[in-house]
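Read the structure below first, then the notes.
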Amino acid sequence: MLTAFAILTDGLVYAAYLFLVAVGLTLIFGVMKILNVTHGSFYAFGAYGAATAVGIYANADWPDAAGFLLMIALAMAIGLMLGLVLERGILRFAYGRDEVVVVLVTYAVFLMLEDVIALIWGRESYGAYQPMVAAGNIEIGDLVLSNYDIGLVAIAALVAGLGYWALKHTRYGRLLTVVIFDRETAAAFGINVKVVYTVTFVIGAMLGALGGAVMAPKISVTLGIGVEVIVLAFAVVVTGGLGSIEGALIGSLIVGLCRAAAVHLVPQIELFVIYAVMALVLVFRPYGLFTQAQPRKI
Amino acid sequence: MMTPRTLAGALAFAVLAVAAPFAPAWLVSLATVAFANGLVVLGLVILWRAGLVPFGQALFYATGAYTVALIGRYTGVHDVFVTLAAGAAAAGLVAFLTGFLLARYRDIFFAMLSLAMSMILYGVLVKTETLGSTDGFHVESGTFLGFAPAGALHDLAFYWLVLAVCALAALQVAIYFDSVAGMLGAPVRDNEIRVEFLGISVNRLIHLKLVIAGVLAGLGGALAALAVEHVDPSMSYWTTSGGFVFVTILAGAGSVAAAFVGSLVFELVRSIAVDLFPGEWQIALGTALLLTILLLPGGLGSLVGRLPRLKRKTGAA
C-alpha cells in the first residue's frame, strides 16, 4: 500500500517535471512544425539563471517567496531574450526547408549554446537547494513529502490550465489554432503568420526556461543537463502526439507513472522504461496517442 | 564496370594505402577511426537519399562493436575476419528485426523511434555490470589469419584492413546506387505514394535500405572497437548518432566518396578544434554545421560539382 502510494506521488512529481519541459517543445512543434533540439539549451539556461538568482537571494536577506519569484523571473527573462534572438537571428532563414534539416539547424545551435553556457557560468556545478530546504517537508502517515514537490505539481497544473484557457478563450489562442490547422489559409485571411511564429517560439523558450528554473533546486546545475532533457521531452511528446498540449499532459502522466513504478518495483529497467513505453505506444498508434490521422497527399 | 568514377576511387584508395607508412602515427590512427566511421555515414547516405534520417544509428554501431568485444572476451577468437563478419551480421540481424517496425515510419517519427531504440540499448548496457557498466571494457587487438603483429606494424596492418573494407563497401554501395532499388531512393523521398502506384512496395524497399545501413554501421562499429581497443555504452548514446548525422549533412549525399572524405574532414576539424580551443570546440562544430546547412544544402560534396570542368562529366549527380 505504501509502495503504491509512493509510486503515485513520485510519478505525479516526475510527470509534473516532464510536462513542464515537454509543453514548450510540443507548442513549438504544433505551430511551427519544428522539432526544437535547442529546447534543452532553454532548459539549461533557465536552470543556470535560477541558480544565479538563488545565489543572489541567499546572500541578501530576502524573504523566501521573493527569492523564488526572482528565480522564475530571471529564468523567464533569459528564455525571452534567447528565444527572440534565435528565432529572428537564425531559425527564420531555415523556414521552408525539410523538417529534418531544420532539426539539424537547431542541433547545431544547441552545440554552440552548450559552450556558451560554459563560457558564461564556467565549468563548475552550482547548487541551488535553498528554496527546496526553505519549503520544508510534510508528513502524511509514514510518507514524507517535500512541499517543494507539491508546489511543482501545482505549477505544472497551473501551466496546463493557463495554456488550455489561453488556447481556447483568448484571441491570440484562437489565431494560433487557426495557424496550426492551416498556415496558408490563415495567412490568406490576413493573419500575420511571421509574428505568430516569433511569439510562439518565444513562449516556448520561456516555458523551457521555466522548466529549468523550477527544477534547479532539485538537481545539481552542471554542464550537460540539457542533453538528457531533450531526449526525455521528445519521448514524452511523441508518446502523447507531437504538437498536442493534451498529448503532452497525458504523455507525461503515463511516462511519469511508468518510471516511478519501475524505480520502485524493477529498478534495473529504470533507465530505458521511458523509451520502451514510447516505442510500445508508437507500435499501436504510429503518430502518438492524440494526433489525428492525416490524409495521404498524392 | 571500370567506369572513370570507379577508377578514380580505386586510385584514391591506393594512394591512401601507399602513403600510410610515411604518415605520422597519430594521423594513421585518426584516419583508421575516421574511415571506420565513414562506413556508418555511408549507410546514412543510403537512407538520406530516401529522405530518412535516423537519430539512432548508434544502435547498430554499438551492436557491431559489442559483438566483436564479447566474442573476443568469451570465446578467445581474435581473428579480425571472423569477428568483423560476426559484428556486421549481428548488426544486420538487429536491423532486420527492428526494420519491421522502423520501415513503417517516416520523417521525425522515424528519427525519434530509431533514437528510442538506441537509447534502450544504452540503458541495457549501462545497467549491465558484468560488461563494465558505463566504463565499458577492454578489447584485445585482433589477429589477421594467424598473423599477429604488434605495435606500429599492427596499427598499419589494421589501417590497411579498414581501407580495404571501405573500398569494398564503397564499390558495393556504388553498384547498389546504380541498381533499380538504389535509384528508387529519390522518388521515395519526393513522393512515395506514386512509387507505390508503380507497383513497388516502399516498405520493403526501405526495409532493405535499413538492413544495408545497419550492416555498414555494424561493420563500422566493429572496426572502431578493434581500432581503439575499447567499447563503452556511449557508443550507443544519441550524441554518437547525432555525430554521424552531422557528418552526413556536412558531406552531402551526392556521392559515395563524400562519406569518407566528410568523415576524415570531421575528425581532423574536431581534433584541431579541440587542440586549439579546448573550451569552445563545440561552437566551432556548430558553426560549421549551421553554415553548411544554410549556404551549402548539398554538402561539401556539392562543391566538386560546382567546378565548371567536372560539371559536364558528372551531370546531375
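Could you tell me how far the Cα centroid of segment A:17-58 sits from the Cα centroid of segment B:142-202, in Å?
First find each Cα centre; the distance between them is then 40 Å.
Just subtract the alpha-carbon distance of B:T130 and B:L291 from 0.36 nm times their residue separation and send over the number in nm, one decimal.
Result: 53.6 nm gained on full extension.
Take each complete run of DSSP H in chain B, measure how far its Cα atoms stretch along the helix's own axis, and keep only those covering 18 Å or more with mean Kyte-Doolittle hydropathy at least 1.0; list them.
Membrane-span-like by this criterion, though nothing is claimed about a membrane: B:4-19, B:25-49, B:80-102, B:107-127, B:151-178, B:202-228, B:238-251, B:256-276, B:281-295.
Counting Lys and Arg as +1 and Asp and Glu as -1, what is the net charge of the other residues whose Cβ lies under 13 Å from the Cβ of A:A235?
Its environment carries a net charge of 0.
Would you mind telling me the antiparallel percentage of the DSSP bridges in the protein assembly as shown, rounded to 5?
90
Would you calculate, for chain A, the mean residue ellipticity at 222 nm contributed by helices, counting each DSSP H stretch of 4 or more residues as -39,500 (n - 2.57) and dividing by all residues, to the nearest 500? Each step should come with its number before you reach the end.
Working: 12 runs with 219 residues, N = 298.
Helices in chain A give a 222 nm mean residue ellipticity of -25000 deg cm²/dmol.
Find how much the distance from A:F284 to A:T185 grows on full extension, using 0.36 nm per residue of separation minus their present alpha carbon separation; answer in nm with one decimal.
Once the chain is fully extended between A:F284 and A:T185, it gains 32.4 nm.
Measuring from label point to label point, each 7 Å out along Cα→Cβ, what is the A:T170 to B:A186 span in nm?
For the pair A:T170/B:A186, the computed spacing is 4.8 nm.
What does the charge count near B:A36 come to, summing +1 for each Lys or Arg and -1 for each Asp or Glu among other residues with Cβ under 14 Å from its Cβ? Walk me through the numbers on the way to the answer.
Details: positive: none; negative: B:D155, B:E229, B:E267.
After counting each charged neighbour, the total is -3.
Count charges around B:W281 for me, please; just the other residues with Cβ under 11 Å from its Cβ, Lys/Arg as +1, Asp/Glu as -1.
Summing Lys/Arg as +1 and Asp/Glu as -1 gives -3.
If each DSSP helix of 4+ residues adds -39,500 (n - 2.57) and the sum is divided by the residues in chain B, what number results at 222 nm, nearest 500 deg cm²/dmol? Walk me through the numbers before you get to the answer.
Working: 15 runs with 236 residues, N = 317.
Value at 222 nm, helices only: -24500 deg cm²/dmol.
Separation between the B:H154 and B:L97 pseudo-spin-labels, each 7 Å from Cα along Cα→Cβ, expressed in nm?
For B:H154 paired with B:L97, the spin-label model returns 3.2 nm.
Just to verify a number: FRET efficiency for B:T6 and A:S125, C-beta to C-beta distance, R0 = 51 Å, to 0.05?
0.40
Could you work out how far apart the two model spin labels at B:F277 and B:I193 are, taking each label as a point 7 Å from the Cα in the direction of the beta carbon, and quote it in nm?
Modelled inter-label distance: 4.7 nm.
What's the FRET efficiency of B:H138 with A:K33 using the Cβ-Cβ distance as r and R₀ = 51 Å, to the nearest 0.05? All intermediate terms of the calculation are to be shown ahead of the outcome.
On the way: r = 46 Å, r/R0 = 0.90.
After rounding, the FRET efficiency stands at 0.65.
Name the residue farthest towards the positive end of the dipole of segment B:172-282 from the options B:V188, B:G262, B:A174, assuming +1 on Cβ of Lys and Arg, -1 on Cβ of Asp and Glu, about the Cα centre.
Looking along the dipole axis, the top candidate is B:V188.
Can you tell me how chain B classifies by the Cα gyration tensor, rounded, prolate or oblate, using a/c under 1.5 as the rounded cut?
rounded
Quick check: the distance between the Cα centres of segment B:223-300 and segment A:207-241, to the nearest angstrom?
Comparing the Cα centres of segment B:223-300 and segment A:207-241, I get a distance of 26 Å.
With the dipole of segment B:25-238 worked out from charges on the C-beta (+1 for Lys and Arg, -1 for Asp and Glu) around the Cα centre, which of B:I71, B:V28, B:L121 lies farthest toward the positive end?
Final value for the positive-end residue is B:L121.
Since every read-out is calculated from the coordinates, none of them should be taken as a lab result. Since the model is a prediction, treat every value here as computed from it, not as a measurement. Cβ sites come from the backbone with ideal geometry, for glycine too, and all protein chains shown count toward neighbours.
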